[in-house]
Every structure is written in C-alpha cells, then in structure tokens.
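All remarks here apply to the structure that follows.
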Amino acid sequence: MSLTDQLSRASRVASKYFVVWVVLASGAALANPDPFVPILNYVTPLLGLIMLGMGLTLQPADFKRLVDRPVDVGIGAVTQWLVMPLAAYGLYILLDLPDAIGVGLVLVGAAPGGTASNVMSYLGRGDVALSVAITTLTTLAAPIVMPAWTLFILGEGIDVTFMEMFTSIVQIVIIPVILGFTIRYLLDRKAPKAAEIGVDVFPVISVVAIVAIVAGVVGANVENILTAGALVLLAVVAHNAIGLGAGFGVGRAAGMSEDRVRTCTFEVGLQNSGLAVALATSLFSPSAALIPALFSVWHNVTGPALASYFTWRDGEASDDAVATAD
C-alpha cells in the first residue's frame, strides 16, 4: 500500500469515528481534568491549523461558484445569518442560561458554516459545490457578521469591542484560509502529488485538534457540566434542530432541487463551533466555550445521522421505482 493510500485510509478512519474520539477524550477530561485544561492555551493556533486545512481544500473554481450561483448561495447564507443567531438569542432568554454560558450559545449562532457541512452534503448526496460556496462566503464574512450579531444581542453585557472580535477572526480564520488556498494553488501547479497528500493529511490533523480542544473545554468546565449539564445540552440540541429544520424548510420554500435542499439543511444547522470555542476562550472565559464544544460533538452526531437518512430514503425511492416498473 502506497503512502498516499495509507494517509487516505487514516483520514477516513479518523473522520468516520470522530464522535468516538471526542466522547472518549471528553470522558477522560471529566474523570481527570488537570492534564487537559492547559490545552485551552493553544486553542487559537489549533483552530488556525484547522482553518489552514480548510484553505487547502479550496480551489479557484470554488470562488467562481459564488458568482455563478448567487441566488442559492445567498439563500443559504442569509438563512444561516438570520436563523442561527436569533435562535441562539431566543434559547438564551427562554432557558434563562447563565450569562457566561449564554455568550457561547450566541457565538455558535453567529459563527459561519464549518467543513462538517461540506462533508455531510457529500455523504447525504447534496450539492457539494453549493455547500462549499456557502461555507466560503459565510467564512469570508465572519469578521463582520460574528462581531455584529454578538454585540447586537449581548450589547453592554460584554466588554469586548467589535474591532477586537474582527481582528481575532481575521487572525484565526481569514489569514490561515488564504494561506492554505495559496499553498494549494501553488502545489497544484508545481507538485500535484504533494497537494494530494496534504488534502489527505489535514483531515487527520483537524480531527486531532478538535478532539483536543473539546477535551480542554470539558476539563475546564467539569463543575458547570455537573450543575447545568441538562440545561446546556437542551440548548445545544434545540439550537442544532432549529438550524437543520429551518435550512430544510427554507430550501423547500425557495423551490430548490432535492440535493440543494439537503445542502441548505446542513449549511444552516452545522456551524463552525471550533471558531466559537476559540473566541470564547481568548476573549471571554472557559465557561463561554462549553456550549460551542458540546455543539461540536452534537452536530457530528446529527449530521451523519441525517446524511444516512437521506441516502436511505434515496434507496427506498429507487426500490419503489423498480417495483412500479415491474
């Protein structure tokens, strides 16, 4: 087996059992938090590494789609920008969450789409090109959208300024993504084999980084998890469900094709919770990172489950068509 094949296999295993690694690491952090808490000091560079990997997956054609398919891209992005922050605010008030924890819910709501939505669109037979285009747009807009929503919702309840959040997001997201895109662009032309290896390696690195971040957040929030765990979990589950449901409903109402409806579903419901974790720990507190960390786990349960349901439904429809023809 060649090195490329081995890396591809490792990447598939790492991604397929992502939730298992997160659950195991979180359990270890709950049982013995001390070794994991120091990871919070490295959340920003870890997320930067993840975003570098996202940049490596982008190609010039992905940016061209933003121009070629403006309507569906706009519908998906605007739905995410409106539904998720407003749902976060509603749950924050309805569940009467502690302020420190509520900040994390708002940060998740205001976050852009994550690479998980691209993967789930692929697995669920959605329109992957549309998914990448929406994720790209929401990511590039994140330095404006995230601070604007966070400050609008939380107002004077926080001490962080718009410019502080803007600068942090540019450093954590935009610069690594542009750097990754540039590296991929050059490698595709000078060393395509190296580009292929890089695309295979970075999913493994991303999984390791996310697992480490979640474990660090869990370790730093053992007391919060034990005292407010049910309420926090309810907020995470409800927020994700609202996003998935709204994405599906808006896609259907807009008359999108079935594959694009699925993509809209994943794009709205699956957030870049890692970015929310990084901002929470660097600008707020470890408590603010709790909901984003749990969201990272939960949307990697609902995403694959929904993708599996979509493919199962395709199989049922195919069987029905064959039966009708017979």
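Pairs needed: first member in the range 76-104, of a type in the set (Ser, Thr, Tyr); second member anywhere, open to solvent by 40 Å² or more (accessible area, probe 1.4 Å); C-beta distance under 7 Å; at least 6 residues apart or different chains.
What qualifies is Thr79/Val250.
Need the failing condition index for Val222 against (1) open to solvent by less than 50 Å² (accessible area, probe 1.4 Å); (2) over 22 Å from Ala276 (Cβ atoms); (3) in contact with a Leu (Cβ under 8 Å, 6 or more places away or on another chain), just the number.
With (1) open to solvent by less than 50 Å² (accessible area, probe 1.4 Å); (2) over 22 Å from Ala276 (Cβ atoms); (3) in contact with a Leu (Cβ under 8 Å, 6 or more places away or on another chain) applied to Val222, the lone miss is (2).
Taking interchain pairs and intrachain pairs at least six residues apart, which have beta carbon atoms under 7 angstrom, with the first residue in the range 259-281 and part of a loop (DSSP other than H, G, I, E, B) and the second modelled with pLDDT of 90 or more and buried (at least 24 other Cβ atoms within 10 Å of the Cβ)?
So the pair list comes out as Asn272/Ala111; Asn272/Pro112.
What residue, among those in the range 228-274 that are open to solvent by less than 40 Å² (accessible area, probe 1.4 Å) and among the β-branched types (Val, Ile, Thr), is modelled with the lowest pLDDT?
Once the filter is applied, the top-ranked residue is Val232.
Checking the condition surrounded by 15 or more Cβ atoms within 10 Å (Cβ to Cβ) and closer than 16 Å to Val250 by Cβ, which residue from Ala142, Ala100, Ala87 passes?
Of Ala142, Ala100, Ala87, the one residue that is surrounded by 15 or more Cβ atoms within 10 Å (Cβ to Cβ) and closer than 16 Å to Val250 by Cβ is Ala87.
Looking for something over 21 Å from Ser285 (Cα atoms), of a type in the set (A, V, I, L, M), surrounded by 19 or more Cβ atoms within 10 Å (Cβ to Cβ) and in contact with a helix residue (DSSP H, G or I) (Cβ under 8 Å, 6 or more places away or on another chain) - is there at least one such residue anywhere in the range 109-119?
Yes, the range 109-119 contains a residue that is over 21 Å from Ser285 (Cα atoms), of a type in the set (A, V, I, L, M), surrounded by 19 or more Cβ atoms within 10 Å (Cβ to Cβ) and in contact with a helix residue (DSSP H, G or I) (Cβ under 8 Å, 6 or more places away or on another chain).
The values are calculated or read from the model by the stated rules, or taken from the named source; none is laboratory data. Quick caveat, the model's predicted, so the values are computed rather than measured. Because the Cβ atoms are built from the backbone with ideal geometry, glycine has one as well, and the counts that use them run over all protein chains shown. To get the accessible areas, we keep the full protein, side chains included, count just its heavy atoms, and leave off ligands, DNA and RNA. Shrake-Rupley method; radii C 1.70, N 1.55, O 1.52, S 1.80 Å.
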